1. Looking only at residues that are in contact with a Pro (Cβ under 9 Å, 6 or more places away or on another chain) and open to solvent by 10 Å² or more (accessible area, probe 1.4 Å) in region 168-193, which one is nearest to L226 (Cα to Cα)?
2. Give the residues of region 382-392 that are near the ligand (Cβ under 10 Å from one of its atoms) and either open to solvent by 20 Å² or more (accessible area, probe 1.4 Å) or in contact with a strand residue (DSSP E or B) (Cβ under 6 Å, 6 or more places away or on another chain) (or both), sorted by residue number.
3. Pick from region 350-371 the residues that are open to solvent by 50 Å² or more (accessible area, probe 1.4 Å) and in contact (Cβ under 8 Å) with a residue 12 or more places away in the chain: which of them is farthest from the chain's Cα centre (by Cα)?
4. Evaluate the following for D157: is it open to solvent by 80 Å² or more (accessible area, probe 1.4 Å) and assigned by TED's automatic domain parsing to the domain that holds A192?
5. Being on the phi > 0 side of the Ramachandran plot and open to solvent by 10 Å² or more (accessible area, probe 1.4 Å) narrows it down to one of D196, D129, D163, so name that one.
6. Which members of region 393-413 meet the condition of being of a type in the set (D, E, K, R) and more than 11 Å from the ligand (Cβ to nearest atom)?
7. Closer than 26 Å to R357 by Cα, open to solvent by less than 60 Å² (accessible area, probe 1.4 Å) and free of Cβ contacts under 8 Å to residues at least 40 places away in the same chain - does that describe any residue in region 78-90?
8. Would you check if there is a residue in region 336-348 being open to solvent by less than 30 Å² (accessible area, probe 1.4 Å), within 12 Å of the ligand (Cβ to nearest atom) and assigned to a loop (DSSP other than H, G, I, E, B)?
Amino acid sequence: MKFDNIIIGGGLSGLTCGIKLAEQGKKCAIVSSGQSAIHFFSGSFDLLGKVNGEEVTNPLESMKFLPQQHPYQRVGLENIERLTDEALHLLIRAGLSFTGKADRNHYTLTPMGVMKPTWLTLNDFTSFDQKDSFPWKKAVILNFSGFLDFHTLFIKDGLKKFDINAQIKNVSMKQFEAIRKNPSEMRSTNIAKEFDKGNAIEEFAQKANLLSEGFDVVILPAVFGLFNKSVADQLKEKINKPVLLLPAIPPSVPGIRSQITLRERFQELGGTYLLGDNVEEGIFEDGRLLEIRTNNHGDIKFEADQFILASGSFYSKGIVATHDKLYEPIFGLDIDGDNNREEWFDEKFFNDQAFMRYGVKTDENFRALMNGEPVQNLFVAGSVLGGANPLKEGSGAGISLLTSLHAAEQILK
Ligand SMILES: Cc1cc2nc3c(=O)[nH]c(=O)nc-3n(C[C@H](O)[C@H](O)[C@H](O)COP(=O)(O)OP(=O)(O)OC[C@H]3O[C@@H](n4cnc5c(N)ncnc54)[C@H](O)[C@@H]3O)c2cc1C
């Protein structure tokens with residue numbers, strides 16, 4: 001099979017790159033082995049939350065304090081503002097809607113009851129301008145009876161910092177009796193599927209209205225609208241208090257919905273999305289990648305003019321660490337990381353962990369290096385790139401979005 005571009009990995013970076021290339025008329029395929037980090041999505045895309053341990057107000061301004069090997073510096077700070085704008089519009093065209101600006105972080109309340117700076121927050125969730133005040137006095141936290149993935153006590157504890165003495169109440173409904181019988185079935189996606197059918201919305205809203213009498217705000221787990229985008233809006237309309245949705249333990253319902261929305265956009269643009277297929281090897285000639293082979297397609301070749309590696313970090317096995325080795329498992333590309341295992345991690349869990357910065361080495365145009373030489377038509381994007389600690393910096397989605405748009409620009413030049 002022959003394409004203009006083939007993207008390895010169907011997470012946020014692979015999909016963003018694929019949508020941009022397909023919007024420009026390229027014949028693209030995405031091959032993706034499985035779930036991506038978006039399935040664990042908090043509801044917000046981070047751009048830059050912290051630099052050198054200091055909280056960031058204006059990410060565009062603070063990027064200049066990042067080290068030279070950071071992906072934002074390598075994309076070029078002069079390109080970042082334009083790319084943030086482009087990323088937002090690409091996501092909006094795909095059907096996602098957000099609050100947020102690249103030149104000023106806003107805050108979202110985490111499931112630990114802490115305000116966290118971020119860039120774009122899905123409209124399901126509430127964004128706050130201030131981190132040290134909570135706009136309501138009396139909060140009720142409503143959970144589904146038997147749902148163990150929403151940590152109400154952490155939220156209640158977190159809210160004490162804002163002088164809020166929240167109350168926790170449970171809602172029981174007939175619709176959930178069947179899935180409640182088996183605790184492993186009482187998961188966010190199964191609750192969401194019941195609401196998607198439409199018949200739980202009215203009853204839940206009535207119960208929420210009764211249980212929230214005397215309170216100013218209703219806090220709920222974000223388990224609404226897996227396939228039916230309008231569920232959260234319908235509930236917000238029917239519940240007669242402000243509703244604050246907070247992430248539950250993954251799988252993330254808004255995350256899966258976002259992934260589906262982006263995948264559908266890619267396919268509507270004519271893209272081919274091969275899910276559940278693993279890219280296993282590539283055939284190279286004269287410094288170019290000619291074709292890839294996948295697990296499901298055996299001897300069938302996938303050829304393209306350009307390839308993009310967007311296979312994620314350790315979590316998605318885009319790079320792998322064994323007891324004594326760090327490697328990129330598909331092509332054996334060069335890795336920017338330490339060979340000495342002792343240097344990989346700090347025993348103090350919350351310290352900056354060196355391995356978080358490891359990734360595939362590239363040249364200045366984001367082309368992968370193999371044995372020190374760039375592969376002319378293999379670009380690298382997203383969290384498989386090294387040079388950043390997205391967890392400490394709060395930069396995960398920003399790096400994925402901006403580096404994949406940048407890689408697409410190199411291809412479209
Ligand atoms: C658990 C988790 C939660 C996160 N939550 C957030 C958040 O809420 N907000 C935020 O800003 N950032 C978050 N991040 C940071 C995150 O890294 C980025 O936001 C971003 O989603 C990463 O996208 P990606 O496409 O680079 O990689 P991934 O999402 O990891 O996607 C890589 C894809 O490549 C596929 N793949 C790997 N190897 C192969 C192969 N050989 N063949 C075919 N396919 C392959 C994988 O199956 C996967 O689908 C989170 C990260 C993790 C790990």
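1. For region 168-193, the residue satisfying everything is T189.
2. S383, V384, L385, P390, L391
3. Per the criteria, the residue is N371.
4. Values: open to solvent by 80 Å² or more (accessible area, probe 1.4 Å): yes; assigned by TED's automatic domain parsing to the domain that holds A192: yes.
Considered against the rule, which asks whether it is open to solvent by 80 Å² or more (accessible area, probe 1.4 Å) and assigned by TED's automatic domain parsing to the domain that holds A192, D157 comes out as yes.
5. Values: D196 fails: on the phi > 0 side of the Ramachandran plot; D129 fails: on the phi > 0 side of the Ramachandran plot.
One residue alone meets the criteria, D163.
6. Listed by number, the residues that qualify are E409, K413.
7. Yes; the residues of region 78-90 include at least one that is closer than 26 Å to R357 by Cα, open to solvent by less than 60 Å² (accessible area, probe 1.4 Å) and free of Cβ contacts under 8 Å to residues at least 40 places away in the same chain.
8. No, region 336-348 has no match at all.
The values are calculated or read from the model by the stated rules, or taken from the named source; none is laboratory data. Computed from a predicted structure; not experimentally measured. Quick reminder, even Gly has a Cβ in these numbers, built from the backbone with ideal geometry, and neighbours come from all protein chains shown. Side chains are part of the model used for accessible areas, which takes the heavy atoms of the whole protein and leaves out ligands, DNA and RNA. Shrake-Rupley method; radii C 1.70, N 1.55, O 1.52, S 1.80 Å.
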